[in-house]
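Inspection log for the structure reproduced underneath, given as structure tokens.
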Amino acid sequence: CAGAGGGACCLSPARLEGETIMTPDAIFLIATYGLVPFWLLLVVLPRWSGTQFLVHSALLPLIFGCLYTYYLAVASFGGGQPEGASFGTLAGVMIFFQMPEAALAGWLHYLLFDLFIGAWEARDAQRRGMSHWLVIPCLVFTWLAGPLGLLLYIVLRAVSGKGGWRLQPADAPA
């Protein structure tokens, strides 16, 4: 690939006459800020049909899944991996994530999984008849610190007597 020294940068998703249109930085910003409206829908309008369609459909997992797969493939097989990059050790993972494409794949993974868990919390709380006001802090923490928000939601379920520690659906037989 000509220009910019070749390498993984030439594998960017969109190029026009040798110019990169959608850089990893641009995808990062679009993905990060693009999900804000979906989180706001979960918090402010959880029962609205638009929220059901936009947040609880397969649309975002399909989009983010394709982007994630692309950037993971570029980082893993596109050449230019730093010496010692691997998934076998913490040091190897840290080296791997020094590549912008690898860090972006990881970030897309976090964004999608956190939203997925937040959407599950909202659906599960609705099925169990939990007050949405009590779930809002869990959603905010899930958005900002995924596993902490999930932990808070599970504790809320247990303390409220609306589901306990088992993660089966509200309508599933015990």
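The values are calculated or read from the model by the stated rules, or taken from the named source; none is laboratory data. What you see is a predicted model; the values in this text were computed from it and never measured. Here Cβ is always computed from backbone atoms with ideal geometry, including for glycine, and neighbour counts include all displayed protein chains. Heads up: the accessible areas ignore ligands, DNA and RNA and are worked out on the full protein's heavy atoms, side chains in. Shrake-Rupley method; radii C 1.70, N 1.55, O 1.52, S 1.80 Å.
What tally of residues in the range 102-137 results from selecting those that are without any contact (Cβ under 8 Å) to a residue 60 or more places away in the chain, touching a Leu at 6+ places or on another chain (Cβ under 8 Å) and open to solvent by 10 Å² or more (accessible area, probe 1.4 Å)?
Number satisfying all stated conditions: 5.
Among the residues of the range 141-156 satisfying the criterion of being out of contact with any helix residue (DSSP H, G or I) (no Cβ under 7 Å at 6 or more places or on another chain) and closer than 25 Å to LEU54 by Cβ, which is least open to solvent (accessible area, probe 1.4 Å)?
Filtering first and then ranking leaves ALA145.
What about PHE64, is it in a helix (DSSP H, G or I) and either small (Gly, Ala, Ser) or under 12 Å from the mean Cα position of the chain (by Cα) (or both)?
The answer is yes for PHE64.
Mind listing whichever residues of the range 67-88 are within 15 Å of PRO100 (Cβ to Cβ), open to solvent by 50 Å² or more (accessible area, probe 1.4 Å) and not in a helix (DSSP H, G or I)?
Selection gives GLY80, GLN81.
Just to be sure before I move on: is LEU54 open to solvent by 50 Å² or more (accessible area, probe 1.4 Å) and of a type in the set (A, V, I, L, M) in the structure I sent?
Yes.
Of all residues in the range 22-47, count the ones that are part of a helix (DSSP H, G or I), of a type in the set (A, V, I, L, M, F, W, C) and touching a residue at least 24 places away in the same chain (Cβ under 8 Å).
Residues that pass the stated criteria total 7.
All but one of (1) under 20 Å from ILE30 (Cα atoms); (2) open to solvent by 70 Å² or more (accessible area, probe 1.4 Å); (3) not hydrophobic (A, V, I, L, M, F, W, C) hold for PRO61; which doesn't?
So the condition that PRO61 fails would be (2).
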